[in-house]
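The values are calculated or read from the model by the stated rules, or taken from the named source; none is laboratory data. Please read all numbers here as calculations on a predicted model, not as lab measurements. Quick reminder, even Gly has a Cβ in these numbers, built from the backbone with ideal geometry, and neighbours come from all protein chains shown.
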Amino acid sequence: MGRKDYPETPDGRYFVSKGRLWRKTDPRLSEGARKSAVSSLMKARRAVRFAKTDAETRAAREAVDAAKHDLGECGPVWWQDGAPDETLKAPWNSGYADWWETLPDAAKSRGLGEARKS
């Protein structure tokens, strides 16, 4: 398990939170590049929170998007086998449905959070 002990797909591409698949950070990133992008992401998220104008909000959200692209969590997929991006799909309605069905109930509960509980 990874982020906050959420279930991770067997191929390491996604974790499940609130009943949705979320793309993980590109594992090919160096530790320095990953840390730099995470730092930029956190700074941009704070800027969104404290923005006072529409222009500040827009710029901060663009910075969040840029950092998520740098991490590989948005934009073109980081894997190269041609598999589609299934970000934001419910795992039971995705190519991971068989894997989801085999998970223990405790793992499913961690992945569902406040979303669907069945």
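Considering segment 46-70, and only residues there that are among the small types (Gly, Ala, Ser) and under 22 Å from Lys24 (Cα atoms), the residue that is surrounded by the most Cβ atoms within 10 Å (Cβ to Cβ) turns out to be Ala67.
Among residues of segment 1-18 being surrounded by 17 or more Cβ atoms within 10 Å (Cβ to Cβ) and out of contact with any Gly (no Cβ under 7 Å at 6 or more places or on another chain), the one that is nearest to Trp78 (Cα to Cα) is Arg13. Taking the listed residues Ala66, Ala37, Ala33, Ala60, the one that is in a helix (DSSP H, G or I), farther than 22 Å from Arg13 by Cα and not assigned by TED's automatic domain parsing to the domain that holds Pro10 is Ala60, with no other qualifying. Against the test of being closer than 20 Å to Gly113 by Cβ, more than 12 Å from the chain's Cα centre (by Cα) and in contact (Cβ under 8 Å) with a residue 40 or more places away in the chain, the options Pro91, Pro10 yield a single qualifying residue, Pro91.
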